[in-house]
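See below for the structure under consideration.
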Amino acid sequence: MVKKIALASLMACFFGIEVFAQSNEGSVSGNVQIDVQSSKDNPSIGAAEAPEILLMNGFGNIQYDWKNFRAGIRYEYYYPPMLGFNPNFEGGGLTYRFVQFKNEDIDVTFGNFYDQFGSGMIFRTYEERNLGYDNAMEGIRVKYKIQDGVYLKGLIGKQRLFYDLGPGIVRGLDGEFNMNEVLKPLKDSKLRIDLGLSVVSKYQKDDGTSLIGSGITGDTLAILPENVAAISARMALKYGKFAFDAEYVEKSQDPSTANGLIYKRGTGILMNASYSQKGFGAVVSAKHIDNMDFRSDRTEAIQNLNINYLPALTRQHAWALATLYPAATIPTGEMGMQVDINYKVPKNSGFLGGAFAGAYINLGYSNVYNIHRDPIDGTDVIGGAGTESYKTDYFKVGTDSLGNKDKFFEEFVFEISKKMNKKLKMTGSYIYTFYNNDIQQGTKSEQSHIFSNVAILEAKYKLQKRKSVRVEAQHLWTKQDHQNWVMGLVEYTIPHYFVAVQSLYNYGSEKELNYPSISGGYTKGSTKIQGTYGKQRAGLFCVGGVCREVPAMDGFTVTITTSF
Amino acid sequence: MKKWISLVAIMFISMTVFAQKKLPKVELKNLEGQVIDVSSLQNDGKPIVVSFWATWCKPCAKELDAIMEVYEEWQEETGVEIYAVSIDDSRAVRRVGPYANGKGWEYNILLDTNGDLKRALNVGSIPHTFLIDGEGNIVWDHTSYQDGDEEELFEEIENLVK
């Protein structure tokens, strides 16, 4: 509390001085979002029982900029939280506050901040307000430019956990070196080389209570490492149209609830290679993640207190039915690859009689497998809690109990869009997905392997200047899980306004589900008011010119956003 | 709590005192890996457009596709320069260059992987587009994209160069 008051008075000083000084250089800006929801209890569509008639989420950011200073706060409230949000959010508070000084060489932040080192496999704090995700640091961060091309970053603090901070202290150091600026002979080289090195350590006291519920009790209490360190090295090369980058991260022994209290070191490898020129772009990526769950509280799970971020090498879809079976990274171990190709067919192409001239084509493929695990010593049993558990082989794919490759996820995507004439634009897409339900959901189910095919057709027709209608038709086929889905959407837009009607219908299984809804909205400048009434599936919801993650509901939601 | 309320009040009061907003001092990388200070962006006194997008955002792609069709005319008439700021995180940031190239976009692409510029400009959901005049003042902004919204943006750009 003392800390809060001190920070408040410090900030009040800055603002106070400014108001009275009547400087014309300072500026205040911010944004506000308010969500109001009312939902009936409807477990069949996944809408949980609401504790109240009205659920409200909201937040407002205000920041102040003056010369080299910036300061800001965010107030959040959840009275009570909307469906899909952790009930621990119930309440409100100033969850984000910072003061920052920045000039050409130095950048100092006190209070809360978001940052990442490299790809984030060693350290990343970020927020996704509409998903209720926020692992912001509270502490101090210093960035220093030693010379052109040499950037150092140091930080220390604790991470946000709802309205509190996690128990662990997180410390990090990152150096980034642009070799073309550092080494004179490379100054005008066509080859660009960037290198980076990071160290992150966390401290959490071994207070003995951490082991409750783990199966290890009494005299077998293990000694938990209070300091856990991680290091990473990365490089990025670019030569004309080619680019390559790689990152390696290693973490010391970090027995935790998430990894089953094993004492194995964690490792992560991520590599990308790409080629692109105007009209064509291709990327190939590969990764191997082994025991890399890293949190500032060894007993935490799900979205809480993650220190690092393990990027999923799978497509982030924006089509409703394509988001039914999304892959999440399995931090205890997974390996996979991704290919992505983008091509714009030249306007004067004669291929197939010019049918595809000017079209945009995208092809994607990705797969994710379990990692290979060998017992440590002669025995054929993978060790459990309190042991080093296993060793892995980067070049072998994990197998299941029958000796088959243990596949977690696989996906093939094809998409084509083309402007047919001045008024009509069409998009078609086909997506094949293999989804390992047991792994992705972390539970045993009757049908663990779900194979699905999705076909999508979208047409956008311009009725007259700034008046258009958009139609989406989607179908998902699967013999597993809830079986088939069909979805239709019609959206009509005129300047500042839109109205959309959509329905998702599930058929083939015992109980058929229908999710009809109607949405409408008004936009002016940076202000948007939008409402949806009906039944809604949890997932990405794209109408009215924006996409956002929404929880399942049976009722209405009104969202107001503005910035100033 | 009272302290905070008075602080918020002070901030609102000071808001009415100062209005001119400029691009904040935030460093982003371009596709070449070079560090660009956003506050130093300039276009010889001609307007700049900063548009936030991501590879997973369909309305964003629609907006940038629509502008691409008329970008040449816009540039001839007004000299406007467009910066398309991707907020893709490390999951998709390597796709940004090949994606933009595959789309045939000729914008200056900047990578806001950590969301620094997004936060500094109070961007909630994307797309969100800002128009900056020749003196570096943010004169107009707009959230979301509906068909034909780019015409409104162009009218605003034309107003600046008249």
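Of all residues in segment A:324-345, those satisfying the criterion of being closer than 18 Å to A:Y435 by Cβ and either of a type in the set (F, W, Y) or within 10 Å of another protein chain (Cβ to nearest Cβ) (or both) are A:Y325, A:T329, A:Q338. Of the residues contained in segment A:252-267, none is found to be in contact with a Gly (Cβ under 7 Å, 6 or more places away or on another chain) and within 14 Å of chain B (Cβ to nearest Cβ).
Applying the set (1) modelled with pLDDT under 90; (2) among the basic types (K, R); (3) closer than 23 Å to A:P81 by Cβ to A:K528 leaves exactly one unmet item: (1).
Note on segment B:69-90: among residues that are surrounded by fewer than 17 Cβ atoms within 10 Å (Cβ to Cβ) and free of Cβ contacts under 8 Å to residues at least 40 places away in the same chain, the one that is nearest to the chain's Cα centre (by Cα) is B:Q75.
Determine, yes or no, whether B:N122 is assigned to a helix (DSSP H, G or I), at the interface with chain A (Cβ under 9 Å from one of its Cβ atoms) and without any contact (Cβ under 8 Å) to a residue 24 or more places away in the chain.
So B:N122 fails the test.
Of all residue pairs spaced 6 or more apart or on separate chains, those with beta-carbon atoms under 7 Å, a first member in segment A:513-524 that is in contact (Cβ under 8 Å) with a residue 24 or more places away in the chain and a second member that is assigned to a strand (DSSP E or B) and among the charged types (D, E, K, R) are A:Y515/A:K535; A:G521/A:K528.
Screening the candidates A:L305, A:L310, A:L270 for the property of being on the phi > 0 side of the Ramachandran plot, surrounded by 23 or more Cβ atoms within 10 Å (Cβ to Cβ), under 18 Å from the mean Cα position of the chain (by Cα) and modelled with pLDDT of 90 or more yields one hit, A:L305. In the condition set (1) surrounded by 14 or more Cβ atoms within 10 Å (Cβ to Cβ); (2) more than 28 Å from A:L363 (Cβ to Cβ), A:E458 is compliant with all but (2). The residues on offer are A:D290, A:D297, and the sole one that is crowded, with 24+ Cβ neighbours inside 10 Å and of a type outside the set (A, V, I, L, M, F, W, C) is A:D290.
A:G120 - would you say it is touching a strand residue (DSSP E or B) at 6+ places or on another chain (Cβ under 8 Å), touching a residue at least 60 places away in the same chain (Cβ under 8 Å) and of a type in the set (G, A, S)? It is false that A:G120 is touching a strand residue (DSSP E or B) at 6+ places or on another chain (Cβ under 8 Å), touching a residue at least 60 places away in the same chain (Cβ under 8 Å) and of a type in the set (G, A, S).
Could you please let me know if A:Q316 is polar (S, T, N, Q), within 14 Å of another protein chain (Cβ to nearest Cβ) and either surrounded by fewer than 20 Cβ atoms within 10 Å (Cβ to Cβ) or in a helix (DSSP H, G or I) (or both)?
For A:Q316, the condition - polar (S, T, N, Q), within 14 Å of another protein chain (Cβ to nearest Cβ) and either surrounded by fewer than 20 Cβ atoms within 10 Å (Cβ to Cβ) or in a helix (DSSP H, G or I) (or both) - is met.
Within segment B:95-119, the set of residues being part of a loop (DSSP other than H, G, I, E, B), on the phi < 0 side of the Ramachandran plot and at the interface with another protein chain (Cβ under 8 Å from one of its Cβ atoms) comprises B:K103, B:E106, B:T113, B:N114. Working only within segment A:467-484, note down all residues that are in contact with a helix residue (DSSP H, G or I) (Cβ under 9 Å, 6 or more places away or on another chain) and at pLDDT below 95. A:Q480, A:D481 - these are the residues of segment A:467-484 that are in contact with a helix residue (DSSP H, G or I) (Cβ under 9 Å, 6 or more places away or on another chain) and at pLDDT below 95. Note on segment A:119-154: residues that are modelled with pLDDT of 95 or more, within 22 Å of A:F101 (Cα to Cα) and within 22 Å of the chain's Cα centre (by Cα) amount to 5. Residues that are under 26 Å from B:V161 (Cβ atoms) and either at the interface with chain A (Cβ under 9 Å from one of its Cβ atoms) or of a type in the set (S, T, Y) (or both) within segment B:56-94 comprise B:C60, B:K62, B:E63, B:D65, B:E69, B:Y71, B:T78, B:Y83, listed in sequence order.
The values are calculated or read from the model by the stated rules, or taken from the named source; none is laboratory data. Predicted model, so just to flag it, every value in this text is computed and none were measured. Glycine also receives a Cβ, built like all others from the backbone with ideal geometry; neighbour counts cover every protein chain displayed.
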